[in-house]
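What follows is a set of notes on a single structure, which appears directly below.
The values are calculated or read from the model by the stated rules, or taken from the named source; none is laboratory data. These numbers were taken from a predicted model, which means no experiment stands behind them. Don't worry about glycine lacking a Cβ; one is built from the backbone with ideal geometry, like all the others, and counts go over all protein chains shown.
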Amino acid sequence: MMKREFLEELKTALSGQLPVSEVAGHVAYYKNYIEEQERSGKSETEILNMLGDPRLIARTILDTAPNSAENQNYFYEQTPEESQRKAEKKGLSDKTKKYLFIGITIAVVFLIISLITTLLSFLLPILLPVILILVVISIVRKR
């Protein structure tokens, strides 16, 4: 059997069982694998003997493929521990959320303080003379 025959047999065995894109992906994988082994110095016959029967490879692929027609009846029940681990991997942990909340709160407080300070630094040169004038007027009126 030659490389072309091996790949055709694999393709035929997978066709109709998996989506066309997956079949093409598996065939491309084995084609690249064979070519890589040939570049490393192994003969085509040696490589194909090592791989074995393409129908057996196809059966293994079909038995492990989640999208295959035969595996549609199988299901996997996740344990609560696995669910918790997946949730922790997907999102932030409670501890991280707590630290993030504290950090954001501190940043908002500093932002508010800096905003008030900036406003006062702009208004103080205007308000100080006005307050002084009002105080002087108040003192003069009392006399």
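Report yes if some residue within the stretch 127-137 is surrounded by 11 or more Cβ atoms within 10 Å (Cβ to Cβ) and at pLDDT below 90; otherwise report no.
Checked the stretch 127-137: at least one residue is surrounded by 11 or more Cβ atoms within 10 Å (Cβ to Cβ) and at pLDDT below 90.
Answer with yes or no whether N67 is part of a helix (DSSP H, G or I), modelled with pLDDT under 90 and surrounded by 10 or more Cβ atoms within 10 Å (Cβ to Cβ). Before the answer, list the steps.
Working: part of a helix (DSSP H, G or I): no; modelled with pLDDT under 90: yes; surrounded by 10 or more Cβ atoms within 10 Å (Cβ to Cβ): yes.
Considered against the rule, which asks whether it is part of a helix (DSSP H, G or I), modelled with pLDDT under 90 and surrounded by 10 or more Cβ atoms within 10 Å (Cβ to Cβ), N67 comes out as no.
Residue under question is E38, and the condition is that it be part of a helix (DSSP H, G or I), under 40 Å from the mean Cα position of the chain (by Cα) and modelled with pLDDT of 90 or more; does it hold?
yes
Residues that are aromatic (F, W, Y), surrounded by 10 or more Cβ atoms within 10 Å (Cβ to Cβ) and at pLDDT below 95: does the stretch 75-87 have at least one?
no
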